[in-house]
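K.L.:
I am attaching a structure below and will ask some questions about it afterwards.
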Amino acid sequence: MRVYVPLTLPGLAEAHKTGQLGPAPLDAYAVTPALREWYLSDDVEELEYAALGRAAAASLRLLAADPAAARRRVVVAIDVPDGAAVADPDRGLDQAAIGEVRLAAAVPLAKAAAVHVDSGDAEADVAAAAAALGAADQGDDDAQVTVDGAEDHELMWFGIQEIPNLV
């Protein structure tokens, strides 16, 4: 099963230093039954892209909580055994939890399939989105437009061997 772990660049640097994503429990995103229903597609690639997008949104929340982090969203794609990632049944109806899963154990960074990171030209929009997130959560439509502006930027793909150059 492919899962997408939201991080920041400092979080990626820590994972690189320790050799693992953790500590457990670790929040991630994956193609879950709720995501399939929400996205209304049977195309696996489209569903995985939607899960990646959910993880990118979670990365934005991590950036909002860490003003010192570079304003670039980071998502690590990892393949884990089926059953290692579990959705919380109590959050099944929560719109914010669509696609969210939890890993009960830390995952070796060597298991990563790829790293997805914003390019440098996305930083201004990502910074504005992180700053507007609180207001958007309170229902401010203008702030939501700013937050949505970060989604206009595609995350770039990097192999795990490129992590030292990213951090």
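K.L.:
For segment 116-167, compute Rg over Rh where Rg is the Cα radius of gyration and Rh is the Kirkwood radius from the inverse mean 1/r over Cα pairs. Let's see the in-between values first.
P.N.:
Numbers: Rg = 13.4 Å, Rh = 12.0 Å.
Across segment 116-167, the Cα-based Rg/Rh ratio is 1.12.
K.L.:
Which of the helices in the chain, when you take each full DSSP H run, stretch at least 18 Å along the axis at their Cα atoms and have an average Kyte-Doolittle score of 0.5 or higher? Let's see the in-between values first.
P.N.:
On the way: long enough: 44-65 (32 Å, 0.71); 123-137 (21 Å, 0.89).
Qualifying helices, which must be both long enough and hydrophobic enough, are 44-65, 123-137.
K.L.:
Output needed for segment 30-156: three equivalent-ellipsoid semi-axes, defined as square roots of 5 times the C-alpha gyration tensor eigenvalues, in descending order, whole Å.
P.N.:
Working: eigenvalues 120, 67, 40 Å².
Ellipsoid half-lengths, sorted descending, are 24, 18, 14 Å.
K.L.:
Among Ala132, Ser41, Tyr29, whose Cα lies farthest out toward the positive end of the dipole of segment 20-167, if unit charges sit on the beta carbon of Lys, Arg (+1) and Asp, Glu (-1)?
P.N.:
Sorting the options by dipole projection puts first Tyr29.
K.L.:
Something else about it: Where nothing but the Cβ of Lys and Arg (+1) and of Asp and Glu (-1) is charged, how large is the charge dipole of segment 22-141 around its Cα centre, in debye to the nearest 20?
P.N.:
Details: 9 positive and 21 negative charges, 97 e Å.
Approximately 460 debye in magnitude.
K.L.:
At 222 nm, what value in deg cm²/dmol follows for the chain if DSSP H runs of at least 4 each add -39500 (n - 2.57) and the sum is divided by all its residues, to the nearest 500?
P.N.:
Values: 6 runs with 68 residues, N = 167.
Computed mean residue ellipticity for the chain: -12500 deg cm²/dmol.
K.L.:
Send over the Kirkwood Rh of segment 1-44, from the inverse of the averaged 1/r over different Cα pairs, rounded to one decimal Å. Before the final figure, lay out each step's value.
P.N.:
Details: mean 1/r = 0.0813 Å⁻¹.
That comes to 12.3 Å for segment 1-44.
FYI, it's all coordinate maths here, none of it is from the lab. For clarity, every value in this text was computed on a predicted model and none was experimentally measured. With ideal geometry, Cβ positions are generated from the backbone for all residues, glycine too; neighbour counts draw on all protein chains shown.
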